[in-house]
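Take a look at the structure below.
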Amino acid sequence: MTKQITYSPAYTLVPTYECFNRCTYCNFRVDPDQDHWLTLEKSQPILRKLQDQSVCEILILSGEVHPQSSRRKSWFQHIYNLCKLALSEGFLPHTNVGVLSFAEMETLKKVNASMGLMLEQITPKLLKTVHRHAPSKLPSLRLQQLEWAGQLQIPFTTGILLGIGEDKRDSWQTLEAIAAIHQKWQNIQEVILQPYQLGSKQKLEGSTFPLHRLPEMVAKARDILPNSITIQIPPNLITDPNCLLDCLEAGARDLGGISPKDEVNPDYPHFSHQELVDLLTSGGWQLVPRLPVYPHYHNWLSFSVQNVLTTWKNSSQFQPLLSI
């Protein structure tokens, strides 16, 4: 019997690369005031060109403007407007823009099918190293975000980053914290296990995460996390095809949103669709597209998002997954 592995056909819009955090491993950010924001006028033709390309998810991915900045309000409004535009063009937005306030999350829920924030690692020791100049990477802030998503009934994706100075026990504790929040609110639809890979812009010294350890991490995560949480792995960061297949055998079941460019890891292009299909077929897997919100969360969505979702649910592209 063929086993299924899912992915979301996606496209990423970046409102701005500017970010007040300075994580030493980042290949995404630029300094505040050093970037031109993506306008709605430039976004609309991009979205319209995607309408006949089977793309369902628009990932709104942004650097963070400081919560106390005079520009925070306009930054947040711009993110909301981009989500609303994507929705009006028939797409399902998924927003991942860093730490937000409760009120900001509540507002974005109206125009998003799902949202996300990487927990990364909850060990405080990283605040002295890779997160020394990254105030919004405080573990308590990120855990609070997951809690608020539960309170607001926002389908949520989070994950851990591997190879940034943590040890195995740190990763287990981070996964246990995610599991505890999910047991309380049932709001975590996916957990990403992301191996750190060296990029051309980063400043982190040391080696990348050893990929041969990733299947073991997947198996341990599958033991820790409730079965209702899907384990996701990023295929472009797993440069050994055999390792990718081993991760699937260990319990990973999703490849995330696959976009033409990985904005966070631009040095690691995705496989072509056919390359990915061929690789997975060789291991007995069938690649199946999914929507950015899982079926058991559909009734959590706002009326306007549900209207767009209905159109996608009726698309033959997604029929194989509607019974899951």
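Residues in region 224-250 that are of a type in the set (D, E) and surrounded by 20 or more Cβ atoms within 10 Å (Cβ to Cβ): D246 alone.
Could you tell me which residue of region 52-90 is nearest to R290 (Cα to Cα), considering only residues that are of a type in the set (D, E) and either free of Cβ contacts under 8 Å to residues at least 40 places away in the same chain or buried (at least 21 other Cβ atoms within 10 Å of the Cβ) (or both)?
Looking at the filtered set, the residue picked out is E57.
Evaluating M217 against the criteria (1) closer than 30 Å to V305 by Cβ; (2) touching a residue at least 40 places away in the same chain (Cβ under 8 Å); (3) touching a strand residue (DSSP E or B) at 6+ places or on another chain (Cβ under 8 Å) leaves one unmet condition, (1). Across region 1-32, the qualifying residues are those that are more than 27 Å from R253 (Cα to Cα) and out of contact with any Gly (no Cβ under 9 Å at 6 or more places or on another chain), and the one among them that is surrounded by the most Cβ atoms within 10 Å (Cβ to Cβ) is C23. Against the test of being at pLDDT 95 or above, farther than 18 Å from L225 by Cα and hydroxyl-bearing (S, T, Y), the options S200, S171, S140 yield a single qualifying residue, S140.
For region 91-104, filtering for residues that are surrounded by fewer than 19 Cβ atoms within 10 Å (Cβ to Cβ) and of a type in the set (A, V, I, L, M, F, W, C) leaves 3. Note on region 109-130: residues that are out of contact with any Leu (no Cβ under 7 Å at 6 or more places or on another chain) and closer than 26 Å to K73 by Cβ total 5.
Among the residues of region 124-153, those that are out of contact with any Lys or Arg (no Cβ under 7 Å at 6 or more places or on another chain), outside any helix (DSSP H, G or I) and surrounded by fewer than 20 Cβ atoms within 10 Å (Cβ to Cβ) comprise T129, R132, L138, Q153.
The values are calculated or read from the model by the stated rules, or taken from the named source; none is laboratory data. Being a predicted model, the structure only gives us computed values, none of them experimental. Every residue, glycine among them, receives a Cβ derived from its backbone with ideal geometry; neighbour counts consider all protein chains shown.
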